[in-house]
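The values are calculated or read from the model by the stated rules, or taken from the named source; none is laboratory data. Not measured: the values here are computed from a predicted model. Cβ atoms come from the backbone with ideal geometry, glycine included; neighbour counts cover every protein chain shown. The protein model used for the area step is the full one, side chains on, heavy atoms only, and it has no ligands, DNA or RNA in it. Shrake-Rupley method; radii C 1.70, N 1.55, O 1.52, S 1.80 Å.
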Amino acid sequence: MARLLVVICSTFMLSGNLAVAERSFQEPRLRSKPRDRKSERLEYVHSSLQVALGTYEAVTEREMQEREAKLAVRWQALPKNQQGRVNRASLYYIVDGYFTQQYGVSVVGLESKPGGNPMAQIDVLSHNAARYMDTVLKGNDTQATFGLDDAMVMVVVIEHFLHESDRDVLEMVFARRKLQDFDLSFEELMEALTDYMMVWMVGPVYEGQLLSTPSLSVREIVTGSIDCWECVVDFIRGSVKNFAHLRDVSPRRAAEAMPRHIQHLRIGGALSRSFSLEDGMAIVRDLSRSFGGFWRSEFFAHKEKLLKLEWGASGRVPLSRFHTAALKGEESFSESKEYLQTLGALDESSSSHGAGVIIPNYLQAISNCIIWGDFYHICFPKECEAHMETFEEAVGRRAAEPELLLSLVEEIIDDFDEDKSLSEDLRAQLQSIAQTHSGLVPLHSRLFLQWLHFAFPSECPFPHLPGTAKAVLPTDFGRDSVASLKEMAFHATDSPPLIGNTTTWNFTTGTAEAASTEWMTLWSHEEELLADSLHLEAPWEMHSRYKWVWMSVLGVPVVAVAVAIALRSAPAGKEDVLPTMMAMSKKDIFV
């Protein structure tokens, strides 16, 4: 009788736990209805913003859709787990790509790449939204994973605090000039925005002096250090006039140019000829968003100077030519060898021809950024991003067949350089990468990025191994960031002859050869992937996880009793078949 009672109780408890398990599997399906899913997403986005900003920041469905559309292509191509979620490095990667694409800015600490540090500190968030970092972004949890909603929230939060950091500088300028927050003339606003732009562009170098009572000499030094300062002033004037015109034509559209939390404040009515601090903030927001595009011609003029010194089509400038140009008056090519090494902009792998400056690594280095802010930089455009976006959109998944990638690369080459073609060595190298990954090439892997560098050597940077290159500002590196005249003269020795861009330099023989890739002496076989095998439920699914925990605690002993009873009572020689929960402990794999 006692044995019968144990069996009945065990069966009852087991059936109860199985019912809980069944409900936990069914509930996500019920919540996946379009209306429920939409409301859950909105609730999660709003609650995350509440945590991050300390106040409720409404985001409309239309605004969410706009951001989602801009993130969707890259999101689709990222490696994900079975729940469609990505790890922290991938989250940082997609958000960094958003700011690069939309604003031309690099958020400090957000830059993520295969093998990079996914726990790097994002200064703008750690300074302003520590609770958001600890809760929504899971703090130091290396196993945390995230959904597309998390990427959208992160974009909104970073946008908000970047604009707030700009506001702090503008308010200090207003205070120094003793300006009112409203009823400003065009000339008064222009003077304030000109001061703001000087502080914004010189960063920490002269910021303290400019925000105190700057002397005429300090202003002359600052404006003299900025290429085409008059062009910058014209850019500011154009932005102010554009805002005034927009306000006259459509006050509502002018208000939409402001950050959401100040849109309700006075901005002046239609045909108003006065300006306010909030008008200035709207204009500053426009300036920061569009400055990368405005400065684009200056960036590419700098690149054109390097291309004239290039070793064939190798994407490298001999250090000798680099410093020779500096001695002849090209002051922008004055970085020291040691500083170039630190930045990862120097290729010293060739014993035949010595050190060479890697063009894309040098151009995208922090030393060539035009804006050095505390939280973000505006640097040389990441040209290789356009190629990566082409692959992501065409492939639509994390990896692709080498044949597909080769055809896409050939299309890009045909569009931009009809005289160029991929060598057989490069084709074979891509096939070799695929062989190490079961016949597919992961898009977001170090080896593929390395292959892209040699396919587009003047556009795609060489992906150094983690820890071998550092983004150090010249001011932080010190005086040794600039080469002395003695060092430049030492490096300014004879160099290989300039050769056309239809050939490459053979480092082995010291001759120019068509379609040769023997100069790829920097190639390394170490692989790094953007994502590892991690898993975490969506925030609105986490409660079901605790049901499984309780089932494990209460149900497993019951199952053990039932199994013992079954084994004791089963006929000899008959195979026992019981349901298993082994799938619960299996690691999710990013697919």
Candidates Ala282, Ala326, Ala313 - the one that is among the hydrophobic types (A, V, I, L, M, F, W, C), without any contact (Cβ under 8 Å) to a residue 60 or more places away in the chain and out of contact with any Leu (no Cβ under 8 Å at 6 or more places or on another chain): Ala282
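For the stretch 331-378, give me each residue that is within 23 Å of Asp123 (Cα to Cα) and in contact with a Lys or Arg (Cβ under 8 Å, 6 or more places away or on another chain). Steps first, answer last, please.
The initial filter retains those residues of the stretch 331-378 that are within 23 Å of Asp123 (Cα to Cα), namely 342-344, 364-378.
Of everything in the stretch 331-378, those that are within 23 Å of Asp123 (Cα to Cα) and in contact with a Lys or Arg (Cβ under 8 Å, 6 or more places away or on another chain) turn out to be Thr342, Leu343, Gly344, Gln364.
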Of residues in the stretch 43-79 being under 21 Å from Tyr92 (Cβ atoms) and among the aromatic types (Phe, Trp, Tyr), the one surrounded by the fewest Cβ atoms within 10 Å (Cβ to Cβ): Tyr44
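State all residues of the stretch 107-127 that are modelled with pLDDT under 85 and open to solvent by 20 Å² or more (accessible area, probe 1.4 Å); if no residue qualifies, say none. Break it down into steps so the answer makes sense when it comes.
At the first step, the residues of the stretch 107-127 found to be modelled with pLDDT under 85 are 111-121, 123.
Passing the criteria: Glu111, Lys113, Gly115, Gly116, Asn117, Pro118, Met119, Ala120, Gln121, Asp123.
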Of the residues in the stretch 138-167, those that are hydrophobic (A, V, I, L, M, F, W, C) and open to solvent by 10 Å² or more (accessible area, probe 1.4 Å) come to Leu148, Val156, Phe161, Leu162
Checking the structure you have, find out if any residue of the stretch 458-467 is more than 21 Å from Tyr93 (Cα to Cα) and either open to solvent by 60 Å² or more (accessible area, probe 1.4 Å) or in contact with a helix residue (DSSP H, G or I) (Cβ under 6 Å, 6 or more places away or on another chain) (or both). yes
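Name the single residue, out of those in the stretch 301-330 being of a type outside the set (A, V, I, L, M) and under 19 Å from Cys379 (Cβ atoms), that is least open to solvent (accessible area, probe 1.4 Å).
Here is the first cut: in the stretch 301-330, the ones of a type outside the set (A, V, I, L, M) are 302-305, 308, 310-312, 314-316, 318, 320-324, 328-330.
Within this subset, residues satisfying the condition of being under 19 Å from Cys379 (Cβ atoms) are 302-305, 315.
Working: His302: 30, Lys303: 15, Glu304: 94, Lys305: 89, Gly315: 0 Å².
So the residue we want is Gly315.
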Does Phe243 satisfy being at pLDDT 95 or above and either closer than 30 Å to Leu363 by Cβ or in a helix (DSSP H, G or I) (or both)? no
Might you check whether a residue that is open to solvent by 60 Å² or more (accessible area, probe 1.4 Å), closer than 18 Å to Ile371 by Cβ and either in contact with a helix residue (DSSP H, G or I) (Cβ under 7 Å, 6 or more places away or on another chain) or modelled with pLDDT under 90 (or both) occurs anywhere in the stretch 280-293? yes
Residue count for the stretch 168-183, restricted to those that are in contact (Cβ under 8 Å) with a residue 60 or more places away in the chain, open to solvent by 10 Å² or more (accessible area, probe 1.4 Å) and in a helix (DSSP H, G or I): 1
May I ask you to list pairs of residues, at least six apart or on different chains, whose Cβ atoms are under 6 Å apart, with the first in the stretch 237-249 being touching a residue at least 40 places away in the same chain (Cβ under 8 Å) and the second being in a helix (DSSP H, G or I) and open to solvent by 40 Å² or more (accessible area, probe 1.4 Å)? Ser239/Asp286
So Gln431 ticks every box in (1) farther than 23 Å from Trp311 by Cβ; (2) open to solvent by less than 60 Å² (accessible area, probe 1.4 Å) but one. Which box is left unticked? (2)
Checked pairs for the stretch 132-143, first closer than 18 Å to Val156 by Cβ, second polar (S, T, N, Q), C-beta under 7 Å and 6 or more apart or across chains, list as Met133/Ser126; Val136/Ser48
Looking at Glu335 and the list (1) among the charged types (D, E, K, R); (2) buried (at least 19 other Cβ atoms within 10 Å of the Cβ); (3) under 20 Å from the mean Cα position of the chain (by Cα), which single condition is not satisfied? (3)
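In the stretch 377-428, what count of residues is obtained for those that are in a strand (DSSP E or B) and open to solvent by 10 Å² or more (accessible area, probe 1.4 Å)? Give the steps one after another, and end with the answer.
In the first step, residues of the stretch 377-428 are kept if they are in a strand (DSSP E or B); the result is 377-378, 399-400.
Among the residues that remain, those that are also open to solvent by 10 Å² or more (accessible area, probe 1.4 Å) are: 377.
Of the residues in the stretch 377-428, 1 are in a strand (DSSP E or B) and open to solvent by 10 Å² or more (accessible area, probe 1.4 Å).
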Might you check whether a residue that is over 17 Å from the mean Cα position of the chain (by Cα), hydrophobic (A, V, I, L, M, F, W, C), at pLDDT 65 or above and surrounded by fewer than 17 Cβ atoms within 10 Å (Cβ to Cβ) occurs anywhere in the stretch 22-42? yes
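Determine, yes or no, whether Glu298 is under 30 Å from Val233 (Cα atoms), in contact with a Leu (Cβ under 6 Å, 6 or more places away or on another chain) and part of a helix (DSSP H, G or I).
Working: under 30 Å from Val233 (Cα atoms): yes; in contact with a Leu (Cβ under 6 Å, 6 or more places away or on another chain): no; part of a helix (DSSP H, G or I): yes.
No; evaluated as a whole, the condition is false for this residue.
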Can you tell me which residues in the stretch 342-354 are crowded, with 19+ Cβ neighbours inside 10 Å and assigned to a loop (DSSP other than H, G, I, E, B)? Gly344, Ala345, Ser350, His353
